[in-house]
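Read through the structure below, which is laid out as structure tokens, and then see the notes.
The values are calculated or read from the model by the stated rules, or taken from the named source; none is laboratory data. What you see is a predicted model, and the numbers here were worked out from it, not measured in a lab. Glycine gets a Cβ as well: all are built from the backbone with ideal geometry, and neighbour counts include every protein chain shown.
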Amino acid sequence: MDNTESPLWQVRAFVYNHFADTTHPPRVEDAARHFNIEIEEVSALYKELHNRHALFLEPETLTIRMANPFSGIPTDFRVHTNGKTYFANCAWDMLGIPAALSSRSDALIEAVCAESNESVQLEIRDGEIISSELLKIHFPLPFARWYDDLLFT
């Protein structure tokens, strides 16, 4: 059996497919029902995925906060595509949602600049950013330090 067939990676794929289909994360009960397994087993798998940085749980819970690029909570990074609105965790992830859904998903992205508090809109068409404005994204920390405090980053 390769890794993609293990229960851990099957649950991870389920989490991503659930986000793609519904725009929000599956609860532990949803995954248990889907796989016809005990909640305790799914809980352990969610915790292991969190430990491996394959998803991020709200502290001291089994609620999925992030499965990059998807956010489990409303944020200032909204991605409208395929008739749905998704929330991204950051500017990097807002660009990742259309790519994660399909390499050719057209999207309208609405974001708020953290420095200026200005609204920004981007359009993605056929996998390309369509914009006449200069796109500048600021990351406050280098990638290697993102997990030092993922909620801040």
Check your understanding: What are the residue pairs meeting all of these: first residue in the range 19-48, first residue farther than 20 Å from Asn68 by Cβ, second residue in a loop (DSSP other than H, G, I, E, B), Cβ atoms under 6 Å, and 6 or more apart or on different chains?
Key -> Ser43/Leu62
Review point. Do we have any residue at all in the range 50-73 that's over 22 Å from Leu8 (Cβ atoms) and not hydroxyl-bearing (Ser, Thr, Tyr)?
Key: yes
Exercise for review: Hey, can you tell me all the residues within the range 86-132 that are closer than 20 Å to Phe56 by Cα, among the small types (Gly, Ala, Ser) and in a strand (DSSP E or B)?
Suggested key: Ala88
Exercise for review: Report, by residue number, each residue of the range 51-75 that is farther than 21 Å from Cys113 by Cα and part of a loop (DSSP other than H, G, I, E, B).
Suggested key: Arg52, His53, Ala54, Leu55, Glu58, Pro59, Glu60, Thr61, Leu62, Thr63
Exercise for review: Confirm whether Thr75 is of a type in the set (Ser, Thr, Tyr), in the same structural domain as Ala114 (by TED's automatic domain parsing) and within 27 Å of Leu95 (Cα to Cα).
Suggested key: yes
